[in-house]
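The structure appears right after this line, and notes come after that.
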Amino acid sequence: MIYFDHLVETSSRKSLCSLQIEKLHSMLQKINGSNRFYTKKFDAAGVGTKDIRTIQDLPLLPLTTKAELVQAQKDVLPFGTNTTFPESAYSRFHQTSGTTGTPLRVLDTPESWDWWGRCWGHVLAGAGLTENDRLFVPFSFGPFIGFWAAVEGARQIKTLMIPGGGRDSLQRLSLMKELGATAMCCTPTYALRLAEAAEEADFDMGGITLQKLILAGEPGANVPATKARIEAAWQAKCYDHAGASEVGAHSFECESQPGGTHIIESEFIVEVLNPETLEAVPAGERGELIITNLGRIGYPVIRYRSGDLVRLNQEPCACGRTFARFEGGVLGRADDMVVVRGINIFPSAVENLVRRCEEVEEFRITVSTEREMGNLAIELELNNNSNPDKARNTVEQAVRNDLSLRPEITIVPYGTLPRFEMKAKRFHVKNI
Ligand SMILES: [Zn+2]
């Protein structure tokens, strides 16, 4: 088994908690008084750094929302008030992809960039990567933090990193083949898109020696039908990873693949709360991930409401790591859920049903709501030589059985639906 930091990853829960509280203390001392955003929040809540003695005291600190960070940015343009050091201390700028509103700008110091790399080192080593691998990163290196940090992680574990930006899918496939890439980091959507591009161009995927795909940026590697489809297309294993620009790279799937992702507990403290009552939920129950990062002193988030829904599992893992896990990875976003005819629907649940139908190449889901009623429309694009009636029946039956809903299914011609390279948007909600 490959580890990034064997001692830390296999230490006892008691040692992990001690490490977390030590790092938290150190961070609070550095930011209180220097970081305008958090100093104001702590003062308003009437809590001082001395009040936090153990992990159990963490709930004394106020929660942080993305809206607050965005507001802090608007108040003091361009970087906001959640900065601990003078601007000259920062060496990297990134911003969120802006899929859910105003892009949030984030800054990193050389130390916090090193921390990002350490977290990605856990992700890559977790998937078993070593200095003997060749990691292909087909990503256009814009302001979105995405796989920038993967590059730093690859440097830390001494893996050969092959940048794959600035070229089309076929050129990327050729480069992977020529250089003998053994692993690739991309979104699940793009893993499927690359395989589709190979098929369209009759490109021989057999010559690619890829063994591992580390997938991030959106759900997919944790959606069983999507994962199975990617693994079949590439004849390689998929590893799930989750993170966010404002939080860091926080969880990864290990080689034992217990059906979830490990949280890098040496760099983060996680809590799981009921998103409505904000009370802690028992282990194993679904709730909102509240996360505190411990190594990004220049741009910290403390008790941050991620909006992601997770289930915490602290059972031992066959890989030997003691880091707790998110069962099934990040299950979805609290604000992604829609109600159709009284039934709660998450996009990933519908995706899992649609992808199980082998004939489906691409799809789009539109939920329209009209007062309490609602309609689930699914457009399907099928691969060549598929039987449209069979595909329609398969998806309809799956949705009826699993979600107790009768979907409205339309088969559209091949090439009609949009293709995506980064975060896909296949789920749409229309309020009528
Ligand atoms: Zn494990």
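The values are calculated or read from the model by the stated rules, or taken from the named source; none is laboratory data. The structure presented is a predicted model; accordingly, all values stated were derived computationally and were not measured. Cβ atoms come from the backbone with ideal geometry, glycine included; neighbour counts cover every protein chain shown. The accessibility values were calculated without ligands, DNA or RNA, using every heavy atom of the protein model including side chains. Shrake-Rupley method; radii C 1.70, N 1.55, O 1.52, S 1.80 Å.
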Qualifying residue in segment 263-273 (condition: in a strand (DSSP E or B), modelled with pLDDT of 95 or more, within 16 Å of the ligand (Cβ to nearest atom) and out of contact with any Phe, Trp or Tyr (no Cβ under 9 Å at 6 or more places or on another chain)): no
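I need a count of the residues in segment 214-238 that are under 30 Å from residue 64 (Cα atoms), within 16 Å of the ligand (Cβ to nearest atom) and open to solvent by less than 10 Å² (accessible area, probe 1.4 Å). It would help to see each step written out before you state the result.
Let us first name the residues in segment 214-238 that are under 30 Å from residue 64 (Cα atoms), namely 214-223.
Next, from what is left, pick out any that are within 16 Å of the ligand (Cβ to nearest atom): 214, 221-222.
In the following step, the residues that additionally are open to solvent by less than 10 Å² (accessible area, probe 1.4 Å) were identified as 214, 221.
Residues flagged as under 30 Å from residue 64 (Cα atoms), within 16 Å of the ligand (Cβ to nearest atom) and open to solvent by less than 10 Å² (accessible area, probe 1.4 Å) within segment 214-238 amount to 2.
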Scan of segment 41-85 for residues that are open to solvent by less than 40 Å² (accessible area, probe 1.4 Å) and charged (D, E, K, R), ordered by number: 41, 57
Qualifying residue in segment 252-262 (condition: away from the ligand (no atom under 16 Å from the Cβ), in contact with a strand residue (DSSP E or B) (Cβ under 9 Å, 6 or more places away or on another chain) and within 20 Å of residue 3 (Cβ to Cβ)): no
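Given the structure, is residue 302 in contact (Cβ under 8 Å) with a residue 60 or more places away in the chain, more than 16 Å from the ligand (Cβ to nearest atom), in contact with a helix residue (DSSP H, G or I) (Cβ under 7 Å, 6 or more places away or on another chain) and in a loop (DSSP other than H, G, I, E, B)?
Values: in contact (Cβ under 8 Å) with a residue 60 or more places away in the chain: yes; more than 16 Å from the ligand (Cβ to nearest atom): yes; in contact with a helix residue (DSSP H, G or I) (Cβ under 7 Å, 6 or more places away or on another chain): yes; in a loop (DSSP other than H, G, I, E, B): yes.
Here the answer is yes, as residue 302 does meet what is asked.
Which count do you get for residues in segment 231-262 that are in a loop (DSSP other than H, G, I, E, B) and free of Cβ contacts under 8 Å to residues at least 24 places away in the same chain?
1
Restricting attention to segment 305-319, report how many residues are part of a loop (DSSP other than H, G, I, E, B) and β-branched (Val, Ile, Thr).
In the first step, residues of segment 305-319 are kept if they are part of a loop (DSSP other than H, G, I, E, B); the result is 314-319.
Going one step further and asking which of them are β-branched (Val, Ile, Thr), we end up with none.
Counting residues in segment 305-319 that are part of a loop (DSSP other than H, G, I, E, B) and β-branched (Val, Ile, Thr) gives 0.
Of the residues 108, 51, 43, which is over 30 Å from residue 320 (Cβ atoms), at pLDDT below 95 and among the acidic types (Asp, Glu)? Give the derivation first.
Values: 108 fails: at pLDDT below 95; 43 fails: at pLDDT below 95.
51 is the lone residue from the list that is over 30 Å from residue 320 (Cβ atoms), at pLDDT below 95 and among the acidic types (Asp, Glu).
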Residue in segment 108-116 that is in a loop (DSSP other than H, G, I, E, B), over 19 Å from residue 208 (Cα atoms), β-branched (Val, Ile, Thr) and touching a strand residue (DSSP E or B) at 6+ places or on another chain (Cβ under 9 Å) present: yes
Residue count for segment 25-58, restricted to those that are under 14 Å from residue 299 (Cβ atoms) and assigned to a helix (DSSP H, G or I): 6
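Quick check on residue 413: is it under 21 Å from the mean Cα position of the chain (by Cα) and either without any contact (Cβ under 8 Å) to a residue 60 or more places away in the chain or outside the structural domain of residue 168 (by TED's automatic domain parsing) (or both)? Lay out the reasoning, then the answer.
On the way: under 21 Å from the mean Cα position of the chain (by Cα): no; either without any contact (Cβ under 8 Å) to a residue 60 or more places away in the chain or outside the structural domain of residue 168 (by TED's automatic domain parsing) (or both): yes.
When the stated conditions are applied, residue 413 does not pass them.
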Qualifying residues in segment 239-249 (those that are touching a Cys at 6+ places or on another chain (Cβ under 9 Å) and more than 15 Å from the ligand (Cβ to nearest atom)) - the one nearest to residue 105 (Cα to Cα): 248
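Is it the case, given these coordinates, that residue 191 is over 29 Å from residue 8 (Cβ atoms), buried (at least 23 other Cβ atoms within 10 Å of the Cβ) and more than 16 Å from the ligand (Cβ to nearest atom)?
Values: over 29 Å from residue 8 (Cβ atoms): yes; buried (at least 23 other Cβ atoms within 10 Å of the Cβ): yes; more than 16 Å from the ligand (Cβ to nearest atom): yes.
When the stated conditions are applied, residue 191 passes them.
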Some residue of segment 98-112 being open to solvent by less than 10 Å² (accessible area, probe 1.4 Å), in the same structural domain as residue 82 (by TED's automatic domain parsing) and within 18 Å of the chain's Cα centre (by Cα): yes
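Within segment 307-319, count every residue that is more than 14 Å from the ligand (Cβ to nearest atom) and open to solvent by 20 Å² or more (accessible area, probe 1.4 Å).
The first filter runs over segment 307-319 and keeps only residues more than 14 Å from the ligand (Cβ to nearest atom), leaving 307-312.
Remaining after also requiring open to solvent by 20 Å² or more (accessible area, probe 1.4 Å): 308, 311-312.
The qualifying residues number 3.
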